[in-house]
Amino acid sequence: MIDVTKLLVGVPVMDEQHASLVELYNALEAPGSDLEALWGAFAAYADFHFEEEESLMRQYAYPGTQAHVAGHQAYRATFERMLNEPGGGPGAGREAMLAYVATWLAEHILGVDKHFAAFLLAAGYAPRR
Ligand SMILES: [Fe+2]
Ligand SMILES: [Fe+2]
C-alpha cells in the first residue's frame, strides 16, 4: 500500500493525478483484485498522466524535458515487457510487477517529478481555471 501523502510535489494537478494513480495501484495490490482489468486501467491512467506532465514541460520550456520523457518511456517499456513475459504479467509475475511499479512510482515522483514541480512553481505556474 502506497501512502500518497508521502509523495506530494506541491503542484495541485500533479498531486491529484499521482493520488489517482496511487489509488489504482492500491486497488491492484488488494487481495483478490481483478488484475486483468486493473492493470489496463492503471496503464491507461499512467499514459494520460505522463502526457499531461509532458505537455506542461513543453508549455514551460522545461530544460529537463528530454530526460524526464525518457524516464516515462523506459517505465512504459519495462511495464509492457513484464506484462507480456511468458509466465509473467498479471499471473505469476504479479508480485514482481507490483514491486517494480511501487518502487518506480515513489522514486520517479520524489525524484524527477518533484524537480519538475519545483521548476514549474519557480516559473510562476498557476493552474488553469
Ligand atoms: Fe508524475
Ligand atoms: Fe513524471
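The values are calculated or read from the model by the stated rules, or taken from the named source; none is laboratory data. In this text the structure is predicted, and so the values were computed from the model without any measurement. Cβ coordinates were reconstructed from backbone atoms using ideal geometry, including for glycine residues, and neighbour counts include every protein chain displayed. Ligands, DNA and RNA are stripped out before the accessible areas are found, and what is left, the full protein with its side chains, is counted by its heavy atoms. Shrake-Rupley method; radii C 1.70, N 1.55, O 1.52, S 1.80 Å.
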(request) Identify, from the list LEU56, LEU83, the residue that is away from ligand 2 (no atom under 16 Å from the Cβ) and open to solvent by less than 60 Å² (accessible area, probe 1.4 Å). (result) LEU83
(request) Evaluate the following for THR5: is it away from ligand 2 (no atom under 16 Å from the Cβ), closer than 21 Å to GLY111 by Cβ and among the β-branched types (Val, Ile, Thr)? (result) yes
(request) Pull up the stretch 28-67, narrow it to residues that are more than 17 Å from PHE79 (Cβ to Cβ) and aliphatic (A, V, I, L, M), then point me to the one that is farthest from ligand 1 (Cβ to nearest atom). (result) ALA30
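Would it be correct to say that SER33 is of a type in the set (Ser, Thr, Tyr) and over 18 Å from the mean Cα position of the chain (by Cα)?
Numbers: of a type in the set (Ser, Thr, Tyr): yes; over 18 Å from the mean Cα position of the chain (by Cα): yes.
Here the answer is yes, as SER33 does meet what is asked.
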(request) Of the conditions (1) within 12 Å of ligand 2 (Cβ to nearest atom); (2) open to solvent by less than 50 Å² (accessible area, probe 1.4 Å), ALA43 clears all except one; give me its number. (result) (1)
(message) Could you list, ordered by first residue, the pairs with Cβ atoms under 8 Å in which the first is in the stretch 94-118 and within 13 Å of ligand 1 (Cβ to nearest atom) and the second is open to solvent by 50 Å² or more (accessible area, probe 1.4 Å), at least 6 apart or interchain?
(response) ALA106/LYS6; VAL112/ALA67
